[in-house]
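Taken together, the values in this text are just the output of simple stated rules run on the coordinates, not laboratory data. Note that the structure is a prediction, hence the values are computed from the model and not measured. No Cβ is skipped: glycine too gets one built from the backbone with ideal geometry, and neighbour counts run over all protein chains shown.
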Amino acid sequence: DSVFANVVQAPEDPILGVTVAYNKDPSPAKLNLGVGAYRTEEGKPIVLNVVRKAEQLLVNDPSHLKEYLPILGLADFNKLTAKLILGADSPAVLENRIATAQCLSGTGSLRVGSEFLARHYHQHTIYIPQPTWGNHPKVFTSGGLNVKSYRYYDPTTRGLDLQGLLEDLNAADAGSVVLFHACAHNPTGVDPTPEQWEQIRQLVRSKGLLPFFDSAYQGFASGSLDEDAQSVRMFVADGGECFIAQSYAKNMGLYGERVGALSIIWIFTWFFKPALDWKYWFRHEKKVCKAADVASRVESQLKLVVRPMYSNPPIHGASIVAKVLKDKDLYDEWTAELKGMADRIISMRQQLFDALTARGTPGDWSHIIKQIGMFTFTGLNAEQVSFMRNEYHIYMTSDGRISMAGLSSRTVPHLADAIHAAVT
Ligand code: PLP
């Protein structure tokens, strides 16, 4: 018998498993609304034009090699990626209070951040929203943290449970890490308003909690890179600490290239004026250098996390991103294509809402147009989800989450029929 005869069958991943089941279904009417990847109106995956262009430039550039990157990745990519989330004039960048490491997309960035915290931070508890992306608890547990949750979503209002959230964070042990979705909360599509974010920020700072932002959908939610970064920028503007995990999977369509970054921002209390012109530098040179010294120590420890895990990150995807972010024309083309994707998703929300209204489907479906980002948290229960799979060949996660990006004008009526049948 094999030495592995006793290995037990693990359950299928709850999200990726939906695609496995979908692929086995022979029905021509089948529809995969499970996985969070963008599809065109024709239901096809796409590579952005700007990405094709950047790749072409790389292919034709004899100086573009396939050498190993440094342990923390491509330096240009790291700088530009931090600026993308924080804004070019962010004091954290100007004051050198930031260390950025290119990591394996959003997941890898969360994992490296988690291992760094487990090694160098006194408090090993991380609070994650209830519900959250299914991989979060596994990433943080594997990364050496203790996972607890805070209330986030209220099923009765299909909105934010702000009271519950504030109560739970208020009761958290001082110094606990708190995970926030920067925008387009997955799976609920429910984000705090700017006023609610401000309340959350004040509580986080007064309790000395450490915010860890997961930014997987910057630009993909509203169509604007700046607007989708507002929550993070509020927390960075107050000068306090913050962790950020970024992903280019959705917003540049680089899913399989695994491009993302972890940024760690630290506090510098006696650094009082952020205007970093040369006179300022001259007067405060020692302080600036002190900040740079922390950067060097943090980076040195990040390297010790990464080196035994995968040595260094892949070069291709990060080179594409760096090209696009560096070149004004490519950048403009990217933001236009990004807005196109976001707008198509927003229009799918409206079409689905209209189709249910036209059918007189019982219930209030306004959350479909109120929620933000790639997913709609339909409110359908597990039984209704399996009914739709069996009778209509429509695939989604068992919590009733559907990817609006997997929908098109052609398939909206089929989905609306199925939802109507499931709830009546
Ligand atoms: N975080 C959230 C909330 C997500 O929804 C996802 C992807 O679905 C990720 C992180 C990470 O994705 P990736 O590792 O592909 O960048």
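All Cα-Cα separations within the chain were binned at 20 Å from zero, giving a P(r) of 25, 56, 18, 1, each value a whole percent of the pairs. Among 185, 393, 122, sorting on how many other beta-carbon atoms sit within 10 Å of each Cβ, with the fewest leading, yields 122, 393, 185.
Counted over the chain, the DSSP beta bridges are approximately 50% antiparallel.
Neighbour counts of other Cβ atoms within 10 Å put 103, 242 in the fewest-to-most order 242, 103.
Look at 334, 197 and count the other Cβ atoms within 10 Å of each Cβ; fewest to most, that gives 197, 334.
Here the chain is scanned for GluC sites (Glu not before Pro) in DSSP loops (not H, G, I, E, B) that have at most 14 other Cβ atoms within 10 Å, and the longest stretch holding none of them is 68-424. Structure note, pairs 323/370; 44/79; 53/370; 66/250; 207/303; 53/250: Cα-Cα distances above 28 angstrom occur for 323/370; 44/79; 53/370; 207/303.
State the Cα centre-to-centre distance between the range 370-390 and the range 9-25 in whole Å. Using only Cα atoms to place each centre, the spacing works out to 17 Å. Here is how the number arises for the chain: DSSP H runs of 4 or more residues each give -39500 (n - 2.57), the sum is divided by the residue count, and the result at 222 nm is -14000 deg cm²/dmol. Here the contact order of the chain, divided by its residue count and restricted to Cα pairs under 8 Å and six or more residues apart, works out to 25 percent. Taken along its three principal axes, the alpha carbon spread of the range 342-382 comes to 28, 24, 15 Å, from the longest extent down to the shortest.
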